[in-house]
Amino acid sequence: MIRKIAAPVLLTFVTLALTAFTLASNDRPPVQKQKLRKIVIDAGHGGSDFGASGKYSNEKTVSLAIAMALQKEIEEQMPDVETYMTRTTDIFDNPIVKANKANDAKGDLFIAIHCNWAPGARHSEFIGYKTETYTKKVKGKKKTFTRKVKQYKTWYSPSPVKGTETFIWNINKTKAKEDALQNHEDMFMDSTTQKELEAFEKRDPEKMILYSIKTKQFFDRSARLAQTVEEEFIKTGRNSRQAQQRGKGIWVLQAVAMPAILVETGFISNPEEEDYLNSPEGQKEVAQVITNAVKRYKFTLENKGAKPAETTTGTTNK
């Protein structure tokens, strides 16, 4: 009985508090629409962590080269936007360090650059028989026998799987994202809002509702950008494996207090795509594709407001 009464009372209290907060906000001059001021670019892997490997190259090297090309492209095409690189050399940072770097930099968007991988196909061909000698006890005595054994030649061909994928954090990791926002609320609240909420305890219902609303907004923005990135890849003729939520989640994406995506730029296990990803032309094109998507995202963010986008749930072969 107590629970049945408590729930409506709490809801009424929260509603009144939000109403009071809204009225107080209406007394202030309107806050300027949020802009995309700083982009954090994360080159996957590094140092002792080579990531996926191709015939002659590895993911840590390719992802850094593309990340550097992306930084250059953004700086040239979007001079009003600052970029921050989590690494510019061959060093390894675990995901916790990467997330801390991004949050300390107070980024407005997190873009992780990676390469994908898929196993090759196994082939087998019968090439003849081999005679083997073996011993066996017969009535307590060892006797020698021979037998013919089939022989096969086995080899592997490179994986034909190719294409791009752009991931966002999985919706079932929402609580982790809310925690990230709670620990870095100065990144998305203006000073006036922060001052008004100082009277509330950190986990008061009013604040938790705010974190929940902001988390959904960041999810929608991330989904929209991921979808836009894949649309831009399709324009260049690349095979798109769509914007997705990875079933097991991607920890760093939910640990940063900002919209976040991870771009799988191609399959390094596919010889054709490995050559493309290692070429200056390919790296520049990938950087231009992502930059074009970010420009569309920025325009929507500053002029129309980000709209939700649907993504499919899937897993990567990486």
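Structure above, values below:
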read-out: Residue pairs meeting the criteria (Cβ under 8 Å; at least 6 apart or on separate chains; first at pLDDT 95 or above, in the range 235-250; second among the aromatic types (Phe, Trp, Tyr) and not in a strand (DSSP E or B)); value: Ser240/Phe233
read-out: Subset tally (residues that are of a type in the set (Val, Ile, Thr) and surrounded by fewer than 21 Cβ atoms within 10 Å (Cβ to Cβ)) for the range 60-75; value: 1
read-out: Number of positions in the range 109-143 that are closer than 30 Å to Trp169 by Cα and of a type in the set (Lys, Arg); value: 0
read-out: The range 141-194, subset under 21 Å from Ala223 (Cβ atoms), at pLDDT 85 or above and among the polar types (S, T, N, Q), residue surrounded by the most Cβ atoms within 10 Å (Cβ to Cβ); value: Thr166
read-out: Conditions (1) buried (at least 18 other Cβ atoms within 10 Å of the Cβ); (2) of a type in the set (Ser, Thr, Tyr); (3) assigned to a loop (DSSP other than H, G, I, E, B); number of the one not met by Thr88; value: (1)
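So that you can scan it fast, the table gives a plain yes or no per residue for (1) out of contact with any Pro (no Cβ under 7 Å at 6 or more places or on another chain); (2) part of a helix (DSSP H, G or I):
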| position | (1), (2) |
| --- | --- |
| Arg241 | yes, no |
| Lys248 | yes, no |
| Val252 | no, yes |
| Ala257 | yes, no |
| Ile261 | yes, no |
| Gly266 | yes, no |
| Glu274 | yes, yes |
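The values are calculated or read from the model by the stated rules, or taken from the named source; none is laboratory data. Predicted model only: the values in this text are computed from it and were never measured. Cβ atoms come from the backbone with ideal geometry, glycine included; neighbour counts cover every protein chain shown.
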